[in-house]
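Accompanying notes for the structure given below.
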Amino acid sequence: MSAEDPHEPDGQEGVGIADAFARLYTPHRMAYIKGEGKTGGCPFCDIPSLSDEQGLVVARGRSAYAVLNLYPYNAGHLMLVPYRHVAGYDELTDDEAAEIAALTQRALRALRHATGAQGFNVGMNLGVVGGAGIAAHLHQHVVPRWGGDTNFMPVVGHTRVLPQLLPDTRALLATAWAEVSSAGS
């Protein structure tokens, strides 16, 4: 216990009201919150100009691309993004919507092939009040799921455990994407 406050666990001095929760500090996330390092533009518009490895791009289509989420909910968390800067699903052309649908199917196949995913969460958060972190540029999430993947860490520790570095995950999924594409699936 802290000498300053006998109810506060050691190492938690000055963190606020003692509530029996340990604090896991991730100061590197502050750069994301503040937008540091951003070019001032839209990251989804900037990513296509990067190499696949730099941008964490798994696959590119004519009007949309598949990219790993930089802050994933689970390992292999992909996003399908139109190249064109639009905010609403209803703003997509028919071709863009069809390609995003086809990329979604391919993402499911590649993730299942590469990781043995047992299920998926697929969806869009539209608008700031809808939960979109980057509301100005539409993107669809594909999150692979496994039985028991939500254990005590996110529930109690508010921490995600990812078993692989993002560049390694990108390489694994890009290979799987090519394999399921060439198999005609």
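The values are calculated or read from the model by the stated rules, or taken from the named source; none is laboratory data. In this text the structure is predicted, and so the values were computed from the model without any measurement. With ideal geometry, Cβ positions are generated from the backbone for all residues, glycine too; neighbour counts draw on all protein chains shown.
L50 meets all of the listed conditions (1) closer than 18 Å to L166 by Cα; (2) among the hydrophobic types (A, V, I, L, M, F, W, C); (3) buried (at least 20 other Cβ atoms within 10 Å of the Cβ) but one, namely (3).
State yes or no: is A18 modelled with pLDDT of 60 or more, outside any helix (DSSP H, G or I), outside the structural domain of W177 (by TED's automatic domain parsing) and surrounded by 14 or more Cβ atoms within 10 Å (Cβ to Cβ)?
Working: modelled with pLDDT of 60 or more: yes; outside any helix (DSSP H, G or I): yes; outside the structural domain of W177 (by TED's automatic domain parsing): yes; surrounded by 14 or more Cβ atoms within 10 Å (Cβ to Cβ): yes.
The answer is yes for A18.
If you filter region 57-80 down to residues that are at pLDDT 95 or above and assigned to a loop (DSSP other than H, G, I, E, B), you find that the one that is nearest to T175 (Cα to Cα) is G61.
Every residue in region 110-132 that is more than 28 Å from A176 (Cα to Cα) and in contact (Cβ under 8 Å) with a residue 24 or more places away in the chain, please. Selection gives L126, G127. Filtered by the rule that a residue be aromatic (F, W, Y) and assigned to a helix (DSSP H, G or I), region 81-124 gives a lone residue, Y89. Selection within region 126-172: residues that are aliphatic (A, V, I, L, M), over 19 Å from C42 (Cα atoms) and under 14 Å from the mean Cα position of the chain (by Cα). The member of this set that is modelled with the lowest pLDDT is V161.
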